[in-house]
Amino acid sequence: MTRMIFQFDFPSSPAWLLLLAIMVATWLYINVRRPPGLPPGPFPYPIIGSTFDLIGDVPPYKTFKRMSETYGNVFSIKLGSYWAVVVNNYELVHEVLLTKPNDCSGRPRTFLFDWYTDDKQDITAAQPTSIWKHHRMLAHSAIRKFASGEYLQNVTEQIRPLLQEIMTEKLKGPFDPHDVVGFAVYNAIATMCFGHRYEVNDPRLNNIMKNSRKVVKGLGNGWTADFIPWFRHVPNPYFYIFKKDAAKFHSLILNEIECHRESFDPDLPAKDLLDILLKSQKEGEVEGKLDDVENRLTNVNIKQIMSDIFLAGVDTQTTTLLWAIACLVDNPNVQERIKREIDEVIGDKPPILSDRGKLPYTEATIMEIMRFRTVAPLALVHRALVDTTIGSYTLPADTIVLINLWALHNDQKYWQSPEKFQPERFLDSSNTVIQRLPSFLPFSTGRRVCVGESLAKANIFLTIVWLIQNFIFSKPEGVEGPVAVHDKPGLVTVPKSYKVLANSRNTVCHI
Ligand code: HEM
């Protein structure tokens with residue numbers, strides 16, 4: 001009897017081992033099994049998926065392009081615990097973002113971003129609900145009102161004497177152009193957001209520039225904990241540093257908001273984005289809309305929207321301008337041709353926005369810079385909101401969708417020798433800019449398309465034209481090889497920090 005009980009309750013060790021082996025095999029099978037309908041892709045390891053394939057010196061967007069040569073233009077890959085689909089050509093991106101614009105317009109849950117945005121209370125990380133739509137519309141209307149046409153022109157005109165002051169200092173020897181372009185971009189955004197600009201040595205400006213850079217860098221490093229959830233419980237000093245930087249950046253934004261509130265008068269016309277948000281909040285209070293979730297704009301929303309505009313708007317533009325200077329230094333013939341065009345068309349007159357259509361080679365060069373060095377190579381991460389399809393494949397709801405804009409910008413089907421810097425590819429035979437080339441989407445497209453596209457294009461144009469009108473940029477003596485070289489990949493692809501020489505073209509700059 002004793003023996004029988006022993007046999008039933010405590011199987012002998014080979015039986016235990018067999019049971020354990022079956023359990024492990026089942027778990028492994030479930031863990032690595034590709035859900036039916038998903039496109040093919042690399043075989044994942046348990047727990048980490050194919051995450052290791054993306055670590056190292058080769059940036060993920062390049063690895064994805066290489067994988068697409070084996071598995072096809074849409075393939076699936078397991079990132080830690082989650083299945084993702086990577087879309088690598090224009091036709092499929094068009095299908096995902098434009099033909100079925102709602103299906104993949106969600107954002108995934110992420111560790112750092114969700115923490116940073118008080119659980120998606122902003123625009124960028126929020127799900128596409130009616131509240132998001134309302135917030136996006138407010139930001140968009142502010143950008144249309146305060147960051148285009150005459151308003152932006154006035155802002156840049158006010159900033160130019162300050163830029164001139166900084167540049168005069170820089171003429172003395174090799175310098176890192178980060179301060180110069182950062183100053184121009186931050187001031188344009190700050191004027192649009194808060195209605196005031198910063199002076200050259202304003203400590204608030206240096207603080208906000210320094211901290212936002214740290215936050216963007218930190219957010220770009222958060223991948224591991226986003227895709228392997230248990231990783232977020234592992235003590236990691238890096239998260240503490242990020243949280244400290246983020247809290248500092250938020251406190252700088254909150255400080256600006258509080259100062260603004262003190263002088264805000266809801267009866268006066270809005271003068272900046274913050275006024276538009278405060279007015280909308282006030283209207284909600286007056287009209288008793290506080291319980292109307294769709295139109296609600298809380299203090300946290302205001303902080304997060306302002307922070308979004310700074311983070312999404314400043315680093316992307318600063319980085320584009322840094323790539324621009326680097327590419328023009330590497331290609332002095334292009335720089336000279338832009339200068340000739342400026343001389344012939346606008347001469348000494350400071351640039352205005354209506355000059356855009358008159359300077360096709362300059363415009364084509366800016367477009368080529370955005371193609372050649374795609375600043376947001378994987379856009380922002382999307383998520384399928386419903387079961388949907390891509391080509392002949394099926395994507396279950398919640399699948400992560402990565403849009404490889406870099407692959408679009410380097411697709412040999414659309415670009416001859418994509419690795420070469422050739423502004424002419426954006427000009428037709430009559431020297432007119434080809435505005436809508438299919439496989440060119442630096443601002444992405446569809447429902448989540450960049451809110452600041454018009455502002456970025458206008459501001460970058462005005463800044464580059466003014467810089468080239470007044471200065472010649474060149475490589476310092478002894479620097480070998482190209483200057484436009486990638487630094488480590490992150491949320492935004494930045495150039496390795498570099499130094500250039502600037503010489504004034506004229507004794508008096510045109511401001
Ligand atoms: C050269 C400059 C810029 C580039 C290359 C760029 C690129 C992008 C890209 C690729 C996205 C992701 C779209 C997607 O998820 O499919 C995006 C989103 C966004 N951008 Fe930009 N951007 C730039 C400048 C700006 C500026 C100046 C602002 C604001 C003033 C801005 C605000 C935003 C916001 C708020 C989003 C999130 C939109 C949403 O999720 O609904 N960006 N941008």
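The values are calculated or read from the model by the stated rules, or taken from the named source; none is laboratory data. Just so it is clear, the structure is predicted and the values come from calculations on it, not from any experiment. We place every Cβ from the backbone using ideal geometry, glycine too, and count neighbours over all the protein chains shown. Quick note on the areas: whole protein, heavy atoms, side chains included, nothing else; ligands and nucleic acids left out. Shrake-Rupley method; radii C 1.70, N 1.55, O 1.52, S 1.80 Å.
I need the helices (runs of 4 or more DSSP H) fully contained in segment 30-122, keeping only those with at least 2 residues that are under 23 Å from the mean Cα position of the chain (by Cα) and among the aromatic types (Phe, Trp, Tyr). Give the steps one after another, and end with the answer.
On the way: elements: 60-71, 90-94, 111-116.
Counting at least 2 such residues, we get 60-71, 111-116.
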So SER439, is it surrounded by fewer than 19 Cβ atoms within 10 Å (Cβ to Cβ), away from the ligand (no atom under 12 Å from the Cβ) and not hydrophobic (A, V, I, L, M, F, W, C): no
Residue pairs meeting the criteria (Cβ under 9 Å; at least 6 apart or on separate chains; first at positive phi, in segment 361-380; second in a helix (DSSP H, G or I) and among the basic types (Lys, Arg)): ALA379/ARG448
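Each row is one residue, and each column tells you yes or no for (1) away from the ligand (no atom under 14 Å from the Cβ); (2) assigned to a loop (DSSP other than H, G, I, E, B); (3) of a type in the set (A, V, I, L, M); (4) touching a Cys at 6+ places or on another chain (Cβ under 6 Å).
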| site | (1), (2), (3), (4) |
| --- | --- |
| ASP348 | yes, yes, no, no |
| PRO351 | yes, yes, no, no |
| GLY357 | yes, no, no, no |
| TYR361 | yes, no, no, no |
| THR365 | yes, no, no, no |
| ILE369 | no, no, yes, yes |
| VAL375 | no, yes, yes, no |
| ALA379 | no, yes, yes, no |
| VAL386 | yes, yes, yes, no |
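Among the candidates LEU38, LEU79, LEU54, single out the residue that is in contact with a helix residue (DSSP H, G or I) (Cβ under 7 Å, 6 or more places away or on another chain) and crowded, with 21+ Cβ neighbours inside 10 Å.
Details: LEU38 fails: in contact with a helix residue (DSSP H, G or I) (Cβ under 7 Å, 6 or more places away or on another chain); LEU54 fails: crowded, with 21+ Cβ neighbours inside 10 Å.
Residue meeting the stated conditions: LEU79.
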Candidate set from segment 90-109 (those that are within 24 Å of SER212 (Cβ to Cβ) and open to solvent by less than 30 Å² (accessible area, probe 1.4 Å)); member that is farthest from the ligand (Cβ to nearest atom): PRO108
Selection status of SER81, in contact with a Pro (Cβ under 7 Å, 6 or more places away or on another chain) and under 19 Å from LEU441 (Cβ atoms): no
Some residue of segment 182-202 being within 16 Å of the ligand (Cβ to nearest atom), at pLDDT 85 or above and part of a loop (DSSP other than H, G, I, E, B): yes
Segment 127-146 residues that are part of a helix (DSSP H, G or I) and among the basic types (Lys, Arg), paired with ones that are near the ligand (Cβ under 9 Å from one of its atoms) and open to solvent by less than 30 Å² (accessible area, probe 1.4 Å) (beta carbon under 7 Å, 6 or more apart): ARG136/ILE123; ARG136/VAL451
Lone qualifier among GLN158, GLN153, GLN164 - being open to solvent by 10 Å² or more (accessible area, probe 1.4 Å), without any contact (Cβ under 8 Å) to a residue 40 or more places away in the chain and under 20 Å from ILE460 (Cα atoms): GLN158
